[in-house]
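Quick notes on the structure that follows.
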Amino acid sequence: MSAEAHTSTEYIKHHLQNLTFGQLPDGSWGVAHSPEQAKAMGFWAINLDTMGFSILLGALFLFLFYRAAKSATSSAPSGFMNFVEVMVEFVDNSVKGSFTARNPMVAPLALTIFIWIFLMNLMDLVPIDWLPGIASWLGVPYLKVVPTTDPNATFGMSIAVFLLVLYYSFKMKGVGGFVGELTLQPFGKWGLPANLFLEGVNLIAKPVSLALRLFGNMYAGEMIFILIALLFAQGAVLALTGGVLQWVWAVFHILVITLQAFIFMTLTIVYLDMAHQEHH
Amino acid sequence: MNINLTLIGQSITFAIFVWFCMKFIWPPIVNALEARRKQIADGLAAADRGKHELELAAKRASESLHEAKMKAVEIISQAERRANEIVDAAKNDAKAEGERQLAAAQAEIEQEAFRAREQLRAQVAALVVAGAEKVLRREVDAKAHADLLTTIQNEL
């Protein structure tokens, strides 16, 4: 925590602000130094922390798995290779279980989603003041270390998944088939507006729910860590309580982050499977 | 918590990660797993085959053992039969030889007896003649009765 006497609100707000790069009010480009500045930047700004940590973690995942993949042989695996194979088989089984069509892209997609989201969620378990503390010591005003608590990251992924769903819907069912699916059911052709509304909501709900579920869970988890961290400044007894609570919540959170990564992966597979189905 | 360019940046990053994973990570690992699965399956099949062959060999071994036993029994019984035959033949030979020798001895004995009888007869005849001579010397002319005497001597 910074040396200045932050109020609790300021502390919380500080933790919920991304490090945003964009056009400052005075017209120059730079990093926003207050939530208001960040807001004023509008759409043409970028969250450096979200991008940085997500790319770093994704690159870590790709690097480790690529190294394992290069040394993959049919002989007995050892060490990290075992872990990689377990992950790959786990994802492969999930895909085989819920994806009925044939598409060589789905399984690698699912693996990337699962590991990447897991790693990004895992950042939540790093004590929340460590990295922002180091950052502010280095002169960086804000740092949000968990990319999945930034809706940009979760929506970024879910929109990419949504585009794939649309692409394969058109490719597999044809334009007519897909449009027909959207307009001719469940009420037949005389209920066309109702059909379009229902199916449209159904379609749009997929990426929205996918992104919001992950974001909501991680945001709430992060918020609880922040609230627990507030206890540390409230005297010895509360600080001790806070320590215990943080530990308990972290243990519970291990389950949450894995589960959320798994849910995102499974739903992606299911949505893509639905996109590949001719009719249902 | 503003929606901004990060959204698009994240989508692009995500797409690149997925592409990289699909291109360079997934195929080698899955291929290696598949190859290992096949290797293990082959190994298990080979083991099964080996076991099966072992069973067959054991069966063949016991069969040939059984055959050998049968043959041995046959050979032994054949040998026994042959031995019996030999013994029988020897017995028959011995019997025949004994009979032959017995017959030869009997023939000899008969011959001896015959010879002895002839001798005895000649002696008896000579004794009779001598006795008769003695008797007749007094009353018979040897010359006159020579024919008669010779006849008697021949009859004896």
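The values are calculated or read from the model by the stated rules, or taken from the named source; none is laboratory data. The structure presented is a predicted model; accordingly, all values stated were derived computationally and were not measured. We place every Cβ from the backbone using ideal geometry, glycine too, and count neighbours over all the protein chains shown. Please note that ligands, DNA and RNA were not included when accessible areas were found on the heavy atoms of the full protein model with its side chains. Shrake-Rupley method; radii C 1.70, N 1.55, O 1.52, S 1.80 Å.
Laid out as a table, the results:
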item	result
Lone unmet requirement of (1) closer than 30 Å to A:Thr20 by Cβ; (2) of a type outside the set (S, T, N, Q); (3) part of a helix (DSSP H, G or I) for B:Glu110	(1)
Test: residue in the stretch A:111-121 that is within 11 Å of another protein chain (Cβ to nearest Cβ) and open to solvent by 60 Å² or more (accessible area, probe 1.4 Å)	no
Test: residue in the stretch B:111-127 that is open to solvent by 100 Å² or more (accessible area, probe 1.4 Å) and in contact (Cβ under 8 Å) with a residue 12 or more places away in the chain	yes
Test for B:Ala132: is it surrounded by 10 or more Cβ atoms within 10 Å (Cβ to Cβ) and in contact with a helix residue (DSSP H, G or I) (Cβ under 8 Å, 6 or more places away or on another chain)	yes
Single unsatisfied condition, A:Glu181 versus (1) open to solvent by less than 20 Å² (accessible area, probe 1.4 Å); (2) of a type outside the set (A, V, I, L, M, F, W, C); (3) touching a residue at least 12 places away in the same chain (Cβ under 8 Å)	(1)
Verdict on A:Tyr66 being among the hydroxyl-bearing types (Ser, Thr, Tyr) and away from every other protein chain (no Cβ under 11 Å)	no
Criterion: exposed (fewer than 13 other Cβ atoms within 10 Å of the Cβ), over 30 Å from B:Ile25 (Cβ atoms) and more than 7 Å from chain B (Cβ to nearest Cβ) - qualifying residue of A:Ser8, A:Ser78	A:Ser8
Residue match in the stretch B:63-74 (condition: within 8 Å of another protein chain (Cβ to nearest Cβ) and among the hydroxyl-bearing types (Ser, Thr, Tyr))	no
Filter result (open to solvent by 30 Å² or more (accessible area, probe 1.4 Å), without any contact (Cβ under 8 Å) to a residue 60 or more places away in the chain and either at the interface with another protein chain (Cβ under 7 Å from one of its Cβ atoms) or assigned to a helix (DSSP H, G or I) (or both)) within the stretch A:88-103	A:Glu89, A:Phe90, A:Asp92, A:Asn93, A:Lys96, A:Gly97
Residue check for B:Glu80: among the acidic types (Asp, Glu), more than 30 Å from B:Leu149 (Cβ to Cβ), under 39 Å from the mean Cα position of the chain (by Cα) and part of a helix (DSSP H, G or I)	yes
When residues of the stretch A:194-236 are limited to those that are among the β-branched types (Val, Ile, Thr) and touching a residue at least 12 places away in the same chain (Cβ under 8 Å), the one least open to solvent (accessible area, probe 1.4 Å)	A:Ile226
Residue within the stretch A:65-82 that is under 30 Å from A:Met172 (Cβ atoms), in contact with an Asp or Glu (Cβ under 8 Å, 6 or more places away or on another chain) and part of a loop (DSSP other than H, G, I, E, B) present	no
Looking only at the stretch B:1-58, and only at residues there that are facing chain A (nearest Cβ under 8 Å) and among the aromatic types (Phe, Trp, Tyr), the one that is most open to solvent (accessible area, probe 1.4 Å)	B:Phe24
Residue tally, condition within 18 Å of A:Ala135 (Cα to Cα) and surrounded by 17 or more Cβ atoms within 10 Å (Cβ to Cβ), over the stretch A:17-30	5
